[in-house]
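The values are calculated or read from the model by the stated rules, or taken from the named source; none is laboratory data. Remember, predicted model here, so these are calculated numbers, not experimental data. Cβ coordinates were reconstructed from backbone atoms using ideal geometry, including for glycine residues, and neighbour counts include every protein chain displayed. Note: areas computed on protein heavy atoms with side chains; ligands, DNA, RNA excluded. Shrake-Rupley method; radii C 1.70, N 1.55, O 1.52, S 1.80 Å.
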Amino acid sequence: MNFALAVHGGAGLSRAGSLSPERQASCRAALEEALRTGARTLASGGSAVDAVEAAVIILEDSPLFNAGHGAVLNADGDAELDAGIMDGRQRTAGGVAGLRRTRNPIQAARAAMEHSPHVLLSGAGADAFASERGLAQVDPAWFVIDERKAQLANLLAGTPDDGSDAYGTVGAVARDLEGHLAAATSTGGTAGKRYGRIGDSPIIGAGTWAWDSTCAVSCTGDGEAFIRSHLAGRVSDWIEMSGLSLREAAHRAIHHDLTGGKGGLIAVGKAGPAVMPYNTAGMFRGRIDMRGEPEVSIW
Ligand code: ASP
């Protein structure tokens, strides 16, 4: 069995060339590092869940993406973080929403999956749970970077955004050497969101989904549209119920099923490479398998 791994760093760039060459290079380097980290885990026999968690942690810790350190800010100027993870073996899943203190939200989602009877935890209760599980807690200011403060100020002032950092959520999907699938997604949500808003990333079947029988999916884009379209689950449903290939199912989900918003997804199936469709101008994305070097693209 060939392992496969893909990562994304968000969709939604307004146009090719809207990022400086330096910024592009830094984003590519971070995506490559995430791919290499996840691939090392898979090559040494690690599980798909271990690989997607490891890859997402790299991107959460990078200030370049809208997750963990460097997340977008809500209308009050605070970072509120959502994350979801799913293990395709038994379709176990965990999600956390509105975290303010847990350094790596994807670890909290995994802890919810593996060490609680619940699927979705939110707010102070989710941070308290993560803390009880021994996960690193930080001052909320740790997540906030100047670039995001400026983005929020522009948004509140009604200054048009060039769209270069409209989304920026991160995610990973993997198939391990035993053929098991997993998906993980982590985000600060949407810039200027109302306090308490929850996006699609921690909602199983909306922004995150994995099932060994079909595929693993991580989405990025307008969360409300992904929730209403049950988008990640649609990819799986098309494969299960209509016999579509992974490529056909992912394409149909993004280009036909996603209504009232834009975005993209990454997905892996039982065999073959990952697919990465999007309907925005660009999506930070990359994939790797046993044979090759990381392949990273933006547009
Ligand atoms: N889907 C995320 C959300 O709505 C945003 C993103 O993908 O950047 O919370």
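In this entry, Glu22 is excluded by the filter for residues that are open to solvent by 10 Å² or more (accessible area, probe 1.4 Å), over 16 Å from Gly207 (Cα atoms), more than 16 Å from the ligand (Cβ to nearest atom) and modelled with pLDDT of 95 or more.
The residue that is farthest from the ligand (Cβ to nearest atom), among those in region 45-91 that are open to solvent by 10 Å² or more (accessible area, probe 1.4 Å), within 21 Å of Ala271 (Cα to Cα) and outside any helix (DSSP H, G or I), is Gly45.
Of all residues in region 25-43, which are surrounded by 16 or more Cβ atoms within 10 Å (Cβ to Cβ) and among the polar types (S, T, N, Q)? Across region 25-43, the qualifying residues are Thr37, Thr41.
Set side by side, the residues Gly134, Gly98 differ, and just one is in contact with a helix residue (DSSP H, G or I) (Cβ under 6 Å, 6 or more places away or on another chain) and not polar (S, T, N, Q), which is Gly98. The set of residues from region 190-214 being without any contact (Cβ under 8 Å) to a residue 60 or more places away in the chain and either closer than 17 Å to Leu5 by Cβ or of a type in the set (Val, Ile, Thr) (or both) comprises just one member, Thr214. Pairs are defined by a Cβ separation below 7 Å, a sequence spacing of at least 6 or placement on different chains, a first member in region 229-244 that is closer than 14 Å to Trp211 by Cβ, and a second member that is among the basic types (Lys, Arg); the pairs so defined are Trp238/Arg252. Would you be able to tell me the number of residues in region 105-144 that are aliphatic (A, V, I, L, M) and touching a strand residue (DSSP E or B) at 6+ places or on another chain (Cβ under 6 Å)? So the answer is 11. Return yes when Arg101 is without any contact (Cβ under 8 Å) to a residue 40 or more places away in the chain and open to solvent by 10 Å² or more (accessible area, probe 1.4 Å) and no when it is not. For Arg101, the condition - without any contact (Cβ under 8 Å) to a residue 40 or more places away in the chain and open to solvent by 10 Å² or more (accessible area, probe 1.4 Å) - is met.
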